[in-house]
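These notes are about the structure you will find just below.
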Amino acid sequence: MEDRLGAFVPGAIIHRAPRGAGPLTDLSFAAKDLFDVAGLVTGCGNPDWANTHEPAEADAWAVDALLSAGAALRGKTVTDEISLGLLGINKFYGTPRNPRAPDRVPGGSSSGSASAVAGGLVDIALGTDSGGSVRIPASFCGLYGLRPTHGCIPIAGMMTQAPSFDTVGYFADDAATFARAGSVLLREQIIDALPDEIVVASDCFALADEPVGYALLPALERLRRIIRVTEARLAEGDLTQWSRHQRGLQRSEFHATFRDWIDRVNPRFSAEVAGAFADDGRISESDIAAAQAFRASATQRLDRLLDGRRMLCLPTSPILPIARDARLSEMRLAVHRIVDLTCIAGLTGCPQVNLPMATIGAVPVGLSLIGWRGGDAALIGAACAIARDLSIGVPQEPR
């Protein structure tokens, strides 16, 4: 297999045969370089991390699950440095190509995984999602992608960043494959079925750029023909308060994860990643307590809104993927805006799925559904039912 996309970690591409026949027989997969593969160093997107860690002794749980279900491993994929990124840019290993929009970023930090699936190199790819690292590449590359309920899929053998946010996610290019992989990772049957109701989050759509919202309108109109669709505000006040509290909690956790290694190794970082560690993550106890209290309140609010039967509908990203050669200031603004929407599932621990429902020209625009806690199988089933029942054309740019 030729890696024409720069999706795989440089060096020899690993091939691992399946452990036997199973529900994923004849499918192939790749694993983000945060998952252990026995005998290989888990490099986490940074050469100094790779140079200071030993090869894994066993496969990560998710890797083993896919191999045991009959899928063949085709390699490990590039990630943003130590998974701190949402755009897919890696100073050391390069930015994987976005097959659907080659002049734009693929999204991160599960960049290589999304690139490999969108480019047809593998059928399925494992990613991780703490702040949007599966959902955003899925949106930018036009894929199905799942961030599961926090704790739903075992993270054993996966490098964590911010433990109260980290999840195992995955990508597929079609709904049928998405469901097959989901049933294995969730250990649960997937049944195609629409939810009782979809709630369009008006304040989430208000944060999206006009072309993004315009592109998703036909999908919303078609949804209204097949299911009850209502509209509500998610937040009681300013929705961006959700992202502010997520940033504080997540920054505190990833500093705790990496502080000792950084102090001991003094590793090489890009300017963007180095800047994330500039303040040493010293967040006051009162700020952390306030963020935790807000998190509990936001979680209760979303739980009440969904009520174990509804799904929340929102744009996956408020912006289109930025140019591959964007300036650092553009990158920082893009990440800041993206988190304004990805924080919702991240902060509350609820599952979220990206559906490749629209394009602007050739550039994908993702629509998301957030499901109730533990409703991952129903969420995937809803995605499959929507894929079956809807056929969205290519909207034109607004005049």
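Where a number appears in this text, it was derived from the coordinates with a stated rule and is not lab data. Worth saying up front: this structure is predicted, and the values here are computed from it rather than measured. Using ideal geometry, Cβ is built from the backbone for each residue, glycine included, and neighbour counts are taken over all protein chains shown.
I need the Debye-formula profile for the chain: one equal scatterer per C-alpha, no solvent, reported as log10 I(q)/I(0) at q = 0.09, 0.10, 0.11 1/Å, two decimals. Rounded to two decimals, the profile gives -0.47, -0.58, -0.71. Given axes a ≥ b ≥ c from the Cα gyration tensor, I'd like to know whether region 85-184 is rounded (a/c under 1.5), prolate (a/b larger than b/c) or oblate. Oblate, since a/c reaches 1.5 and b/c is not below a/b. Where both bridge residues fall in the chain, DSSP classifies roughly 65% of the beta bridges as antiparallel.
Charge tally around Phe92: other residues with Cβ under 15 Å, Lys/Arg +1 each, Asp/Glu -1 each, net -2. Loop-resident trypsin sites (Lys or Arg not before Pro) (DSSP state other than H, G, I, E or B) in region 133-209 with no more than 15 further Cβ atoms inside 10 Å of their Cβ: Arg187.
Other residues lying with their Cβ under 10 Å from the Cβ of Val122 contribute a combined charge of -1, Lys and Arg counting +1, Asp and Glu -1.
Dipole orientation for region 104-232: of the candidates Tyr144, Leu194, Val212, Tyr144 has the Cα lying most toward the positive pole (charges on Cβ; Lys, Arg +1; Asp, Glu -1).
Each Lys and Arg contributes +1 and each Asp and Glu -1, all at the Cβ; summed about the Cα centre of region 189-318, the dipole is approximately 240 debye. Here the chain is treated with +1 on each Lys and Arg Cβ and -1 on each Asp and Glu Cβ, and its dipole about the Cα centre works out to around 520 debye. Treating r as the C-beta distance of Arg332 and Glu231 and R0 as 35 Å, the FRET efficiency rounds to 0.65. Considering only Ala116, Met158, Ala101, the residue lying farthest towards the positive end of the dipole of region 46-162 is Ala101, judged by Cα position with unit charges set on Cβ.
When a/c reaches 1.5 or more, the comparison of a/b and b/c decides; with that in mind, is region 1-159 rounded, prolate or oblate per its Cα gyration tensor? Note, shape of region 1-159 comes out rounded. Per residue of the chain, the DSSP helices (runs of n ≥ 4 H) give a summed -39500 (n - 2.57) that works out to -12000 deg cm²/dmol at 222 nm.
Across the chain, the longest run free of exposed loop sites, meaning GluC sites (Glu not before Pro) lying outside DSSP classes H, G, I, E and B with no more than 13 other Cβ atoms within 10 Å, spans 58-235. Using the Cβ of Pro315 as centre and a radius below 13 Å, the other residues enclosed give a net charge of -2, where K and R count +1 and D and E count -1.
Annotation note: trypsin sites (Lys or Arg not before Pro) in region 198-292 located in DSSP loop regions with a Cβ neighbour count of at most 14 within 10 Å are Arg228, Arg233, Arg268, Arg282.
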